[in-house]
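Everything on this sheet refers to the single structure shown next.
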Protein chains: 2
Amino acid sequence: MVASNVSSSTTPPVLKPTPGPDAPMREQMEAYIRRMQQVIATNLEKLEPNGKKFQYDEWKRGETGGGGVSAVLQNGDTFEKAGVNISVVHGELPPAAIEKMRVNHKNMTANSDGKLPFFACGLSQVLHPTNPMCPTVHLNYRYFETMNQDGTPQAWWFGGGTDLTPSYLFEEDVIHFHNSLKDACDQHDPEYYPKFKKWCDEYFYLPHRNECRGVGGIFFDDLDNKDPQELFEFAQTCLNSFLPGYVPIIEKRMNQPFTKEQKWWQQIRRGRYVEFNLVHDRGTQFGLQTPGSRIESILMSLPLTAGWVYQHSPEEGSREQELLDVLKMPREWLP
Amino acid sequence: MVASNVSSSTTPPVLKPTPGPDAPMREQMEAYIRRMQQVIATNLEKLEPNGKKFQYDEWKRGETGGGGVSAVLQNGDTFEKAGVNISVVHGELPPAAIEKMRVNHKNMTANSDGKLPFFACGLSQVLHPTNPMCPTVHLNYRYFETMNQDGTPQAWWFGGGTDLTPSYLFEEDVIHFHNSLKDACDQHDPEYYPKFKKWCDEYFYLPHRNECRGVGGIFFDDLDNKDPQELFEFAQTCLNSFLPGYVPIIEKRMNQPFTKEQKWWQQIRRGRYVEFNLVHDRGTQFGLQTPGSRIESILMSLPLTAGWVYQHSPEEGSREQELLDVLKMPREWLP
């Protein structure tokens, strides 16, 4: 099974009508992420002073395995590289994958024919801004389902998260970002923000550097302990909170002056981003190992430029050291 | 166990007298790689027109685990980043490691106290030149030994290899490079070059890109099927062949003109180099997972600058495409 391109255009694909709350969850989630891809891309384009546009590449996974749309804006003035991808794939889980997923989903069992059909869809996004005062941001919201022989859902769950990776620390920006995620969480469950904030700090951690990737956000996985419609609404609230949580930060920082040295520091931080994604990120590893994956979509998360300086060590009291201190010891940003 | 720095200087560490052929192999190999580090660094410094020097950092692994010397030249005119590292470490193998290594070394058994002391030393080198017409080169020669309770060698083996990663293909350079490795191999065994050339093509391969890292060279591991002194001589012949095999290529290409676009292509190729090292290279993975490793020495292999362009695809008939064709289908360079 090989990924192949279907079309490429700066015009977003035409959307189907939004299904109602009685439609299967896979249809609801798919329609939602397809719409959100365009909402986010259109709003990010407004931040490009010279009219740079996203390129939408539609691709399919083999003949019958689904596919996706990658929307990428490269070499912009505001964004050096911005990728907003959706994928909607289905197929049959191999026994090893079933075994692994059963740890968190006891009700997963192969159908009587020994096979287990699955469906997965999600929106993944990484934005690498040009100005080192603007933070990189990543988010991913996804829905996974296995199906009984009659096509009804067997195991299912939501996963997702949004996290921020600045090169320079602006506390007010980090607080704004976390506040927006906490508001989203609190609308659904007061336990969500503290729990998912901690999970995020733990997940986006580079053991070999002994530092966090960034200043965190939220992260959750295998969420299936409430009504699916309720959890779908939670995922929507989180993803909908992205633009108001991030865009004001970019508007504030995108025209701030910076030095060549500060641009270099950003390159070094991006090197760490590459290290995390290639060495630790489970999604990237899974994608690289899965036949039929679209490698260009998986690796769009990597920055346009990055650097590795041997033995780089910021001066005590510098702004670069200030960032490192926070990465070594994750903070609670909200009271 | 934590790696800590002992000293840092542009003056190479003082060498001890070379032990004779009756000394234990670990002492002979250690002395040889310590000397070769300085021979290589001194000769590479001659390629720097403005007198840029290697920085020698001596480090130790805990109090009793050995250590190493990293020699790095950064931001040179000829070399953007050049690292020539040696490490000489020892300790005790955990049962999982013993089990894994026993696949190739049946005589490895824990001593009666359940432990298995080991010794490992090697020279590792990666050179990333500035000019995109100059190829990146990597080499590694190492000796590994486990010890009986009386301190005599139990299992032991040599491993190593040298391989070339150009951004632009100059056939005459690749042929010169392979010729020099074939000459080295042929002095010891006519079967070595074809066998180790193939092994190299297979090892330095990125499955997710469906391409080789570069134009190959030689690679071998677990070599213990001849007298150790004979294999030590083979490793020496290979490593000694490095300077005459590589330096003439740099001298020929280092002052060739290049465009901004060609520099960008080099960045993209370096991105692939990073992908290989972080996702696939067994040495890097092992180092990142080993407590007490010196991360800066392991990751000195990463280039000073690299890039990732979404959906980059060279034009048909271009020099960039010419390189890709070779990476997709490894060639026999010698008659």
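Here are the numbers for this structure:
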read-out	value
Selection status of residue B:249, modelled with pLDDT of 95 or more, within 20 Å of the chain's Cα centre (by Cα) and assigned to a helix (DSSP H, G or I)	yes
So residue B:158, is it surrounded by fewer than 23 Cβ atoms within 10 Å (Cβ to Cβ) and either of a type in the set (Ser, Thr, Tyr) or part of a strand (DSSP E or B) (or both)	no
Filter result (modelled with pLDDT under 85 and among the β-branched types (Val, Ile, Thr)) within the range B:283-304	B:290
Qualifying position, being away from every other protein chain (no Cβ under 14 Å) and within 30 Å of residue A:257 (Cα to Cα), among A:129, A:153, A:95, A:117	A:129
Residues within the range A:218-264 that are open to solvent by less than 40 Å² (accessible area, probe 1.4 Å) and either free of Cβ contacts under 8 Å to residues at least 24 places away in the same chain or under 18 Å from residue A:137 (Cβ atoms) (or both), tallied	16
Residues satisfying the stated conditions in the range B:274-293, i.e. in contact (Cβ under 8 Å) with a residue 60 or more places away in the chain, surrounded by fewer than 18 Cβ atoms within 10 Å (Cβ to Cβ) and in a helix (DSSP H, G or I)	B:283
Residue in the range B:284-300 that is farthest from the other protein chains (Cβ to nearest Cβ), counting only those that are in contact with a Lys or Arg (Cβ under 9 Å, 6 or more places away or on another chain) and not basic (Lys, Arg)	B:292
Number of the condition not met by residue A:335 [criteria: (1) open to solvent by 20 Å² or more (accessible area, probe 1.4 Å); (2) over 30 Å from residue A:96 (Cα atoms); (3) more than 13 Å from every other protein chain (Cβ to nearest Cβ); (4) at pLDDT 95 or above]	(4)
Given (1) surrounded by 16 or more Cβ atoms within 10 Å (Cβ to Cβ); (2) in contact with a helix residue (DSSP H, G or I) (Cβ under 7 Å, 6 or more places away or on another chain); (3) not acidic (Asp, Glu), index of the condition residue B:210 fails	(1)
Flag if residue A:134 is under 23 Å from residue A:292 (Cα atoms), in contact (Cβ under 8 Å) with a residue 60 or more places away in the chain and open to solvent by less than 10 Å² (accessible area, probe 1.4 Å)	no
In the range A:165-195, the residues that are of a type outside the set (S, T, N, Q) and not in a helix (DSSP H, G or I)	A:166, A:168, A:169, A:170, A:188, A:189, A:190, A:191
Answer residue from the range A:56-67, given it is within 14 Å of another protein chain (Cβ to nearest Cβ) and within 23 Å of residue A:239 (Cα to Cα) and is most open to solvent (accessible area, probe 1.4 Å) among those	A:58
The range B:73-84, subset open to solvent by 20 Å² or more (accessible area, probe 1.4 Å) and over 19 Å from the mean Cα position of the chain (by Cα), residue nearest to the other protein chains (Cβ to nearest Cβ)	B:75
Qualifying residue in the range B:309-324 (condition: within 9 Å of another protein chain (Cβ to nearest Cβ) and either buried (at least 17 other Cβ atoms within 10 Å of the Cβ) or basic (Lys, Arg) (or both))	yes
Hey, residue B:115 open to solvent by 40 Å² or more (accessible area, probe 1.4 Å) and either touching a residue at least 60 places away in the same chain (Cβ under 8 Å) or closer than 18 Å to residue B:222 by Cβ (or both) or not	no
Tally, over the range B:1-47, of residues that are closer than 17 Å to residue B:238 by Cβ, in contact with a helix residue (DSSP H, G or I) (Cβ under 8 Å, 6 or more places away or on another chain) and among the polar types (S, T, N, Q)	2
Residue A:327 open to solvent by less than 30 Å² (accessible area, probe 1.4 Å), in contact with an Asp or Glu (Cβ under 8 Å, 6 or more places away or on another chain), more than 7 Å from chain B (Cβ to nearest Cβ) and not in a loop (DSSP other than H, G, I, E, B)	yes
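Condition check ((1) in contact with a strand residue (DSSP E or B) (Cβ under 8 Å, 6 or more places away or on another chain); (2) among the small types (Gly, Ala, Ser); (3) surrounded by 15 or more Cβ atoms within 10 Å (Cβ to Cβ); (4) over 25 Å from residue B:302 (Cβ atoms)) across all residues:
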{"residue": "B:21", "(1), (2), (3), (4)": "no, no, no, yes"}
{"residue": "B:44", "(1), (2), (3), (4)": "yes, no, yes, no"}
{"residue": "B:50", "(1), (2), (3), (4)": "no, no, no, no"}
{"residue": "B:54", "(1), (2), (3), (4)": "yes, no, yes, no"}
{"residue": "B:71", "(1), (2), (3), (4)": "yes, yes, yes, no"}
{"residue": "B:89", "(1), (2), (3), (4)": "yes, no, yes, no"}
{"residue": "B:93", "(1), (2), (3), (4)": "yes, no, yes, yes"}
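The values are calculated or read from the model by the stated rules, or taken from the named source; none is laboratory data. Computed from a predicted model, the values in this text were never measured in an experiment. Cβ coordinates were reconstructed from backbone atoms using ideal geometry, including for glycine residues, and neighbour counts include every protein chain displayed. All accessible areas refer to the heavy atoms of the entire protein, side chains included, with ligands and DNA or RNA removed. Shrake-Rupley method; radii C 1.70, N 1.55, O 1.52, S 1.80 Å.
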